[in-house]
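Have a look at the structure below before the remarks.
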Amino acid sequence: MAPITSALLRPFAWLGGGVLSVLADQGRWGIFITRSLFGAVSPPYKLAPVVKEARLIGFDSLSIIAFTGFFTGMVLGLQGYHTLKLFSAEAWLGTGVVKGLLRELGPVLSALLLTGRAGSALCAQIGVMRISEQIDAIECMAIDTFNFLISPKLIAGVISLPLLTLIFCGVGVFGGYVASCPILGINPGAFYDGMVSKVERQDIRMCLVKSVCFGFLVITICAYNGYSVMKLKAKGAAGVSHATTRAVVFSSVNILMWDYLLTSVLM
């Protein structure tokens, strides 16, 4: 009877082990976030590392943000035109473009692009520093790893993503205008009036709140996966590769999940 009982209980043991593993990982992530926040408010306070990380995370992502934003706005204008044309409501196209960008597409797509461009590089950088024992060397010199390495990236990410999102939305509105007025023949005055008169403070607030939250999620998830690369089964270069893939996937899923949660709260 013992072998049969063991076989029956094996799926429950596997499920329980998986749940415990997830809970332990979430607990380590929570501790990582807490130490990162304490590192951000603890001395020494240095502006140069934050500026350097803001350039790497924000400025270097500007071209891909602007390029994607422009064509997202064009697609939004094209699709919106053919939808509104069914109801003879083409005059509302400007409203649909700007609200769609500010409320949803701007924050979400900017965060996803930041994850793929900067988040993956950040995770790989910290992962290589971990497996090459550079982080251990920093700790041996009695330097707070989080204040020195993680917190500047977190501050830069939280500051950079809202700015990138506003640029994405601005360029996207211009792309929507190009697709709607010169190409499809929408009256420019109607497009501008629908865009300006219907934008509310709530739209901008939702855009900024989502951007700050997404920036926080992307940096903490990517940095945590790089920092914890030694806890993975794969070691060395394979471990860094696995951690980077894991960071991008988890960041993307969390962005979409928190987008729904924030939208349901802020609407």
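Each reported figure results from applying straightforward, stated rules to the coordinates on display, with no laboratory input. If you're wondering where the values come from, they're calculated on a predicted model, not measured in any experiment. When we count neighbours, we look across all protein chains shown, and the Cβ atoms used for this are built from the backbone with ideal geometry, even at glycine.
In table form, for the structure just shown:
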{"read-out": "Estimated FRET transfer efficiency (Ile183, Val51; beta-carbon r; R0 45 Å; 0.05)", "value": "0.65"}
{"read-out": "Qualifying chymotrypsin sites (Phe, Trp or Tyr not before Pro) in the stretch 156-223, DSSP loop, other Cβ atoms within 10 Å at most 13", "value": "none"}
{"read-out": "Calculated P(r) tail over 31 Å for the stretch 46-266, as whole % of Cα pairs", "value": "30"}
{"read-out": "Charge context of Leu93, other residues only, Cβ under 15 angstrom, K/R +1, D/E -1", "value": "+1"}
{"read-out": "Where trypsin sites (Lys or Arg not before Pro) fall in DSSP loop in the stretch 195-267, at most 16 other Cβ within 10 Å", "value": "Lys233, Lys235"}
{"read-out": "Rg(Cα) / (2.2 N^0.38 Å) computed for the stretch 207-267, rounded to two decimals", "value": "1.32"}
{"read-out": "Using a Förster distance of 35 Å, the FRET efficiency for Phe38-Ser63 (Cβ separation, nearest 0.05)", "value": "0.50"}
{"read-out": "15 Å beta-carbon shell around Val51, net charge (K/R +1, D/E -1)", "value": "+2"}
{"read-out": "Computed E for Gln26/Asp193 - FRET, C-beta separation, R0 45 angstrom, nearest 0.05", "value": "0.40"}
{"read-out": "Gaussian network model of the chain, springs between alpha carbon atoms under 10 Å - residue of Leu20, Leu102, Leu149 with greatest fluctuation", "value": "Leu20"}
{"read-out": "Size of charge dipole - the chain - debye, nearest 20, with Cβ of Lys, Arg +1 and Asp, Glu -1, no other charges", "value": "360"}
{"read-out": "All-pairs Cα distance distribution in the stretch 153-263, expressed in whole percent, bin size 5 Å", "value": "2, 11, 14, 16, 14, 12, 10, 8, 5, 4, 3, 1, 0"}
{"read-out": "Once exposed loop GluC sites (Glu not before Pro) are cut out (DSSP; at most 13 other Cβ, 10 Å), longest piece of the chain", "value": "1-132"}
